[in-house]
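The values are calculated or read from the model by the stated rules, or taken from the named source; none is laboratory data. In this text the structure is predicted, and so the values were computed from the model without any measurement. All Cβ positions, glycine included, derive from the backbone under ideal geometry; neighbour counts span all protein chains shown. Side chains are part of the model used for accessible areas, which takes the heavy atoms of the whole protein and leaves out ligands, DNA and RNA. Shrake-Rupley method; radii C 1.70, N 1.55, O 1.52, S 1.80 Å.
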Amino acid sequence: MNYPDFYHSQRVGELYRPEIEQAVSAGLEDAERAFRGDEAGILLLLVDPQVDFIHTDGALSVPGAVDDTRRTIEWIFRNLGRIDTIAASLDSHSPQQIFFPTWWVGAGGEHPDPYTVIRAEDVRSGVWQPVHQPEWSRNYVEVLQERSKKELMIWPFHTMLGTPGHAITPSLYEAMAYQSAASGNNVHLVVKGTLPETEYYSLLEAEVKPAGDRGQLNRELLEWMIGFEAIYVAGQAKSHCVLETLASIAEYFEGQPEKIGKFHLLTDCTSSVQHPQIDFEALAQERLAEFERQGLQLVASTGHLG
């Protein structure tokens, strides 16, 4: 098919000012081709489609993410007549958070390097000590390891609020604006990751919930999503935020394969973080197989919509 004139595939992964007016004008011109059903159509759920994850010079660049995004954009254009709404999460951080080097200090006053794993035994033995909220932080790594079977990873500073890295990558934002104009439906944005004392991989809930109602499972969002005919998921990274979002969905709808079956992961529109010692891709594939047994649909962007 012919893609809209504002789209230039070679610019996917470049940082520039999005051509919103052109995208919206094209969307209004193509409104007759857009989804106009009386009932809900398809929801496209984009997990953290941001510059820092997608661009090759991003702070936490995911290998393969530029091509993933190109395929996602072209999927939107091809399926304009079926997509009701696009939702996107925005990973949103500040300099002092529990997974950044600033939160922890070693015995010699040094801060951990990015990709350092902080284990509960490291904190108990004094290898690393929290700079902020010491009681919560010491308990955090214990709970994370015992309850979630995970260890705290220190990440490079990424998707910092107010920086270009926080933005949705421009070529994708243009496609989102185009679909919004064509369908008459606003993009639904979900901000996550602002709580300093906890990780927030899933766009639906924090890893360890602070006291009160902060970071709790977003049941309202889940119930809104399940109202669509189908939900297609893409974004970054497969091994982390995409995977944990799907884990929240599988747990919430456990024992309801007809509901989990509404969710489709576009497998060629997401990639895993690469780590020098940890095979995140293999771990992701293992868990995705579990979700598939519960009903999750694993599909390619080139396939026909169900």
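Ranking Gly184, Gln50, Gly109 by Cα position along the charge dipole of the chain, where only Lys, Arg, Asp and Glu carry charges on their C-beta atoms, puts Gly109 farthest toward the positive end. Just going by the charge dipole of segment 229-306, with Lys and Arg at +1 and Asp and Glu at -1 on Cβ, which of Ala282, Ser239, His304 is farthest out on the positive end? After comparing all options, I get His304.
In a reduced charge model with +1 at each Lys and Arg Cβ and -1 at each Asp and Glu Cβ, the chain shows a dipole moment near 160 debye about its Cα centre. Couplings for segment 128-142, taken from phi via the Karplus curve 6.51 cos²θ - 1.76 cosθ + 1.60 with θ = phi - 60°, read 10, 10, x, 8, 10, 6, x, 5, 4, 5, 5, 5, 4, 5, 5 Hz in order; Gly and Pro are left as x.
Under 5 Å between amide hydrogens, built in the peptide plane, is the criterion, and for Gly13 it picks out Ser171 among residues at least 5 positions away or on other chains.
Whenever you get a sec, compute what percent of the accessible area on segment 10-125 sits on carbon and sulfur atoms (1.4 Å probe).
Here carbon and sulfur together make up 46 percent of the probe-accessible area.
Counting only lysines at least 8 places from Lys149 when in the same chain, those with an alpha carbon closer than 26 Å to its own are Lys192, Lys209, Lys238.
Rounded to the nearest 500, the helix-only mean residue ellipticity at 222 nm of the chain stands at -9000 deg cm²/dmol, with each DSSP H run of n ≥ 4 adding -39,500 (n - 2.57). Ordering Leu144, Ser92, Ser272 by Cα displacement along the dipole of the chain toward the positive end leaves Leu144 in first place; charges were set at the Cβ atoms of Lys, Arg (+1) and Asp, Glu (-1). A cut-off of 5 Å between modelled amide H atoms, ignoring neighbours fewer than 5 places along the same chain, links Ala88 with Leu46, His188, Leu189, Val190. Rolling a 1.4 angstrom probe over segment 197-306 with all protein chains present gives an accessible area of which 48% lies on carbon and sulfur atoms. At a probe radius of 1.4 angstrom, the accessible area of segment 1-110 per residue rounds to 44 square angstrom. Across segment 7-17, computed HN-Hα scalar couplings (Karplus, 6.51 cos²θ - 1.76 cosθ + 1.60, θ = phi - 60°) run 8, 10, 4, 6, 8, 4, x, 9, 9, 8, 6 Hz from first to last residue, x flagging Gly and Pro.
For the chain, what proportion of DSSP beta bridges, expressed in % and rounded to the nearest 5, is antiparallel?
Numbers: 6 of 29 bridges.
Antiparallel bridges: around 20 percent, rounded to the nearest 5.
Segment 150-195 and segment 207-244 have their alpha-carbon centroids 14 Å apart. Among Glu174, Glu74, Glu146, which one shows the biggest mean-square fluctuation in a GNM of the chain, springs joining Cα atoms closer than 10 Å? Top of the fluctuation ranking is Glu146.
Each residue of segment 214-221 was assigned a 3J(HN,Hα) from its phi angle through the Karplus curve 6.51 cos²θ - 1.76 cosθ + 1.60 (θ = phi - 60°); the sequence is 6, x, 6, 4, 7, 5, 4, 5 Hz, with glycine and proline shown as x. Once the 1.4 Å probe is applied to the protein heavy atoms, segment 148-306 comes out at 42 Å² accessible per residue.
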